[in-house]
Amino acid sequence: MKSRLPALVLVMSLFFAPVLVPVAAQSNHTLEWGADVGEEFIYVLQREHYSDASNMMYMESQLPFLADIAQGEKVILEISSLETIENLINESTQLPRSYCNLNRFNDSALIMADLMSLVLPIGDWEFLTETNNVTITTGITFIDNEDEWGTLGVGIISVVDGSLIDVRIEMRYEKENGTLSYLRHRYTTLGTDIIDVIFVHWYPGMPTIIGGDIQLTTILIMATSGIVGLIVAFVVYRGIKGKKKVVQRLGE
């Protein structure tokens, strides 16, 4: 089914702009960077499905780096710079930005430079939730659990032929270091996917390609099947590295 998708604007409040604040201001948060400039992280495009070319072009306009990545392909996210975290932050526009380069995994060729907000400051997730107060926007909720923080946007849009499209946009960040953990854009109509893109922080043992309806439990089974003999090594490694989220533990 062909459809022309209008530009969907979701107020995620995650693309921040710097401002100057008094250096001597009393801190009203405990934010800090959990990763350093120069650090690199591996990502993979686990799923890329479009019902037609027009939908592919739409998604590439929203996430331009998709034009240079194929489904199942790994890339390297390199932190190029991190803005200073000021003592006093009163609104989301004052939150610091991170800037990252996206490089191909195989040859380190630059795909896209200065991608913003793929890494967030950590240590005060309640403050981030309060500062990024988008709960008044219909269809947007926060994700906040032991391992991850992020936003989930759900809504319905109509296209020129009168069809209704269900939209679900999810962004999750790792609380351990603030890096993007999971990004998914999914557009469906009458139960059929017309766009489904999944971009994730990849760890050894995780699948590089998954189906559209795969659940987290299935991912864990896929990541661990056939490697029962590595359980002992995993336990030792966990003791060295400390607490990590479940999908990382099972994947390493």
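The values are calculated or read from the model by the stated rules, or taken from the named source; none is laboratory data. Just so it is clear, the model here is predicted, and its values are computed rather than measured. Virtual Cβ from ideal backbone geometry, glycine too; neighbours counted across all protein chains shown. Note: areas computed on protein heavy atoms with side chains; ligands, DNA, RNA excluded. Shrake-Rupley method; radii C 1.70, N 1.55, O 1.52, S 1.80 Å.
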Test: residue in region 178-186 that is open to solvent by less than 30 Å² (accessible area, probe 1.4 Å), modelled with pLDDT under 95 and either touching a Pro at 6+ places or on another chain (Cβ under 6 Å) or in a strand (DSSP E or B) (or both): no
Scope region 86-129; condition within 17 Å of the chain's Cα centre (by Cα) and under 14 Å from TYR173 (Cα atoms); matching residues: SER98, MET116, SER117, LEU118, VAL119, LEU120, PRO121, ILE122, TRP125, LEU128, THR129
Test for VAL167: is it over 19 Å from the mean Cα position of the chain (by Cα), open to solvent by less than 30 Å² (accessible area, probe 1.4 Å) and more than 23 Å from GLU73 (Cβ to Cβ): no
Qualifying positions in region 154-164 - surrounded by 14 or more Cβ atoms within 10 Å (Cβ to Cβ) and farther than 16 Å from THR192 by Cβ: VAL154, GLY155
